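Here the structure is laid out as structure tokens; the discussion comes afterwards.
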Amino acid sequence: EETMRNLTVSLIQAELAWEDPEANRKAFAERIVELPADTDLIVMPEMFTTGFSMTAARLAEAPGGATQQWMQSIARQRDCALVGSLVTADGDAVFNRMLFVTPDTCEHYDKRHLFRMAGEHETYAAGDRRVVVSWREWRIKLEVCYDLRFPVFTRNRNDYDLLVNGANWPEKRVAHWRALLKARASENQACVVGVNRVGDDANGHNYSGDSLAFDARGDRLADLGHEPESATVTFNGEALLAYRERFPFQIDADEFAL
């Protein structure tokens, strides 16, 4: 009989200091101290060290740079994983790179769908890999913001249990964010966590937060509203397996190649 442990996940919805990595690391560190000791995974927004900036070359960290080291030291102190994206220079290109850092490892996903309406595709290189990481028996798919709009890329091929999306998703389109996160959970029979920032950025965009967590049935477990806020949810592994067994609609999914 297949079994699966529970996974406890903390969401940190925050204002971001514009293009000031040190200030943001310090602010997140203060928030992380307040989280429950038993959390398995801490999720932060997209570009959590800078805000959604196109000043890429100046802000870029190298792989293994200050922020990755900071994440690793917290992961070790707390015996958990941390995930969030930051501006990263690797080779000749700069990526909007999401790091998934555990006490011993660092895996990454480079944002595939770049937000052309802000010129992101002219500044950053697109990732070409679908990335699913394993942590404490859970298979976790990594996505960043705009990726949420692309259901083919997100389709569960029986290869993930939790979808994590870190975002800078503007308030004027937040109804889309809320609807799509819920839909992704239901259509993929996977738990979903979406963490968005709050406040204004230097480009005049306003962010309302609305960070959310859903179980695989699409039932909402957390809704962080519009203020800087944290929440911790526990996803029930046995319930996830039982639900998929009881309602195995993925058997009828369409074949496709991406």
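The values are calculated or read from the model by the stated rules, or taken from the named source; none is laboratory data. All figures in this text were calculated on a predicted structure; none of them were measured in a lab. Positions of Cβ are generated from backbone atoms using ideal geometry, with glycine treated the same way; all protein chains shown enter the neighbour counts. Accessible surface areas use protein heavy atoms only, side chains included; no ligands, DNA or RNA. Shrake-Rupley method; radii C 1.70, N 1.55, O 1.52, S 1.80 Å.
Some points to look at:
- Residue pairs whose Cβ atoms lie under 7 Å apart, sitting 6 or more positions apart in sequence or on different chains, and linking a residue in the stretch 136-149 that is over 17 Å from N96 (Cα atoms) to a partner that is assigned to a loop (DSSP other than H, G, I, E, B) and aromatic (F, W, Y), are R139/Y160; I140/Y160.
- Contacts under 9 angstrom Cβ, first residue in the stretch 1-25 being open to solvent by 40 Å² or more (accessible area, probe 1.4 Å), partner assigned to a strand (DSSP E or B), 6 or more apart: R5/W138; N6/T234; N6/F235; E15/V198; E15/G199; E15/D200; E15/Y207
- Residue under evaluation P36, criteria (1) within 17 Å of the chain's Cα centre (by Cα); (2) open to solvent by 30 Å² or more (accessible area, probe 1.4 Å); (3) in contact (Cβ under 8 Å) with a residue 60 or more places away in the chain, criterion not met: (1)
- Just one of (1) of a type in the set (G, A, S); (2) within 26 Å of E122 (Cβ to Cβ); (3) surrounded by fewer than 24 Cβ atoms within 10 Å (Cβ to Cβ); (4) modelled with pLDDT of 95 or more fails for A56. It is (4).
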